[in-house]
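> My structure is below; once you've seen it, I'll send some questions.
The values are calculated or read from the model by the stated rules, or taken from the named source; none is laboratory data. Remember, predicted model here, so these are calculated numbers, not experimental data. Positions of Cβ are backbone-derived with ideal geometry, glycine not excepted, and every protein chain shown enters the neighbour counts. Calculation scope for accessible area: heavy atoms of the full protein, side chains included, ligands and nucleic acids excluded. Shrake-Rupley method; radii C 1.70, N 1.55, O 1.52, S 1.80 Å.
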Amino acid sequence: MDVLTRKKWDRAAANFDLMAGYGPEKRWAPYKRELFSNMGDGKILFLAVGTGLDVGFFPEGRTIVGIDISERMLEKARPRTDRYAGSLECQQMDVHEMSFADDEFDQVFTSCTFCSVPDPVRGLGALRRVLKPGGELHMFEHTGSRYFPFNLMMNFMTPLSRRVGPEMNRATVENVMAAGFTLDRVSHVYLDVVKTIHAHN
């Protein structure tokens, strides 16, 4: 397990809801509900549970395994995950070193996750391994921008932001394709920075 990344998110757990749980969650709530409405009846992997802020957007009655690298995040998530009206099992795990079998899941979902995975292409490749052939990847992510001045600002901010949380300038769509997924569609939620990404194995 990546100890430095685990410690970073353990530290962030105490104030995570204060930073992410009000304005951002209310703003993105309709888009997240729409993304998670794609959750089917098969076995679902949800990457980076965090403090469980996304759980309230999940449709009921699904079979979900959630993972997070931070034990403290999962501890804070427990009241939310325990209330989920379906099967939601959470485990501490590093996406780069998942213990799941090959082809174990029908779908994978992420939410503002691949701005923080240390080796994003390798992490996405690990998701491909545990996803069945033809299985679906659905992502809600913030990424870098191609447009000035946003690209300049994000490049400037990233060396600082990565110390305490996410990177601001990730090329996540390109990383998805580099990991071997077939891209189905990308929808822009806010400029070209916040987007949903849909792909399959």
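> Restricting to region 60-78, and then to whatever is touching a Phe, Trp or Tyr at 6+ places or on another chain (Cβ under 9 Å) and over 21 Å from Met98 (Cβ atoms), can you tell me which residue is least open to solvent (accessible area, probe 1.4 Å)?
Pass one, region 60-78, residues touching a Phe, Trp or Tyr at 6+ places or on another chain (Cβ under 9 Å): 60, 62, 64-70, 72-73, 76.
Checking the rest, the ones that are also over 21 Å from Met98 (Cβ atoms) come to 60, 76.
On the way: Glu60: 135, Lys76: 81 Å².
Across region 60-78, the extreme among qualifying residues is Lys76.
> For region 188-201, what are the residues that are open to solvent by 50 Å² or more (accessible area, probe 1.4 Å), closer than 15 Å to Phe140 by Cβ and under 17 Å from the mean Cα position of the chain (by Cα)?
Once the filter is applied, which keeps residues that are open to solvent by 50 Å² or more (accessible area, probe 1.4 Å), closer than 15 Å to Phe140 by Cβ and under 17 Å from the mean Cα position of the chain (by Cα), region 188-201 yields only His188.
> Filter region 7-63 for residues that are of a type in the set (Ser, Thr, Tyr) and more than 16 Å from the chain's Cα centre (by Cα); which is farthest from Lys195 (Cα to Cα)?
Initially, region 7-63 is screened for residues of a type in the set (Ser, Thr, Tyr), giving 22, 31, 37, 51, 63.
Right, trim to more than 16 Å from the chain's Cα centre (by Cα) and you get 22, 63.
Details: Tyr22: 19, Thr63: 25 Å.
Per the criteria, the residue is Thr63.
> Right, here's the next one. All but one of (1) crowded, with 22+ Cβ neighbours inside 10 Å; (2) at pLDDT 95 or above hold for Ala126, so report the exception by its number.
Going through the list (1) crowded, with 22+ Cβ neighbours inside 10 Å; (2) at pLDDT 95 or above, Ala126 breaks only (1).
> Moving on to the next point. Being open to solvent by 10 Å² or more (accessible area, probe 1.4 Å), touching a helix residue (DSSP H, G or I) at 6+ places or on another chain (Cβ under 6 Å) and at negative phi is true for just one of Phe36, Phe57. Which residue is that?
Numbers: Phe36 fails: open to solvent by 10 Å² or more (accessible area, probe 1.4 Å).
Criteria check complete, one pass: Phe57.
> I've got another one for you. If I go through region 69-102 residue by residue, how many of them are of a type in the set (S, T, N, Q) and part of a helix (DSSP H, G or I)? So that I can check it myself, show each step before the final result.
Initially, region 69-102 is screened for residues of a type in the set (S, T, N, Q), giving 70, 81, 87, 91-92, 99.
In the following step, the residues that additionally are part of a helix (DSSP H, G or I) were identified as 81.
Qualifying residue count for the region: 1.
Conditions (1) modelled with pLDDT under 95; (2) under 26 Å from Arg122 (Cα atoms), marked per residue:
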| position | (1), (2) |
| --- | --- |
| Arg6 | yes, yes |
| Ala12 | yes, yes |
| Gly23 | yes, no |
| Ser37 | no, no |
| Asp41 | no, no |
| Glu60 | no, no |
| Tyr84 | no, no |
| Glu97 | no, yes |
